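Asks: Below you will find the structure I want to go over with you.
The values are calculated or read from the model by the stated rules, or taken from the named source; none is laboratory data. Please read these numbers as outputs of a predicted model, since none were measured by experiment. Note: ideal-geometry Cβ built from the backbone for every residue, glycine included; neighbour counts use all protein chains shown. Surface areas here come from the heavy atoms of the whole protein model, side chains and all, with no ligands, DNA or RNA. Shrake-Rupley method; radii C 1.70, N 1.55, O 1.52, S 1.80 Å.
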Amino acid sequence: MPPAPELDTLLDLALMGDLKAVVEQTDHLEKLNPQWVPFTSQLHQLAKSFKGKQAIDFIRQYQAQE
């Protein structure tokens, strides 16, 4: 899973309802570290499906694991 600052950025974008930026950020993170793909692909799908609340819950679930 991406580090805390990246999760914070994703959460901020999702809370603002900027799902397009969430998609862009997940694409960026996938290029930075292929190990993050399981996390980013799930979040990417939620954002592209306009499931903002689910995306927020998904990110918070990972933040709680840190």
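Asks: Based on what the data block shows, is Gln25 touching a residue at least 24 places away in the same chain (Cβ under 8 Å) and open to solvent by 30 Å² or more (accessible area, probe 1.4 Å)?
Replies: Values: touching a residue at least 24 places away in the same chain (Cβ under 8 Å): no; open to solvent by 30 Å² or more (accessible area, probe 1.4 Å): yes.
When the stated conditions are applied, Gln25 does not pass them.
Asks: Restricting region 28-58 to residues that are of a type outside the set (D, E, K, R) and touching a Phe, Trp or Tyr at 6+ places or on another chain (Cβ under 9 Å), which is most open to solvent (accessible area, probe 1.4 Å)?
Replies: Residues of region 28-58 of a type outside the set (D, E, K, R): 28-29, 32-47, 49-50, 52, 54-56, 58.
Cutting the leftovers down to touching a Phe, Trp or Tyr at 6+ places or on another chain (Cβ under 9 Å) gives us 29, 39, 42-43, 46, 58.
Details: Leu29: 0, Phe39: 8, Gln42: 89, Leu43: 0, Leu46: 23, Phe58: 28 Å².
Only one residue tops the list, namely Gln42.
Asks: If you check Met16 against the conditions, is it out of contact with any strand residue (DSSP E or B) (no Cβ under 8 Å at 6 or more places or on another chain) and free of Cβ contacts under 8 Å to residues at least 12 places away in the same chain? Let's see the steps before the verdict.
Replies: On the way: out of contact with any strand residue (DSSP E or B) (no Cβ under 8 Å at 6 or more places or on another chain): yes; free of Cβ contacts under 8 Å to residues at least 12 places away in the same chain: yes.
Yes.
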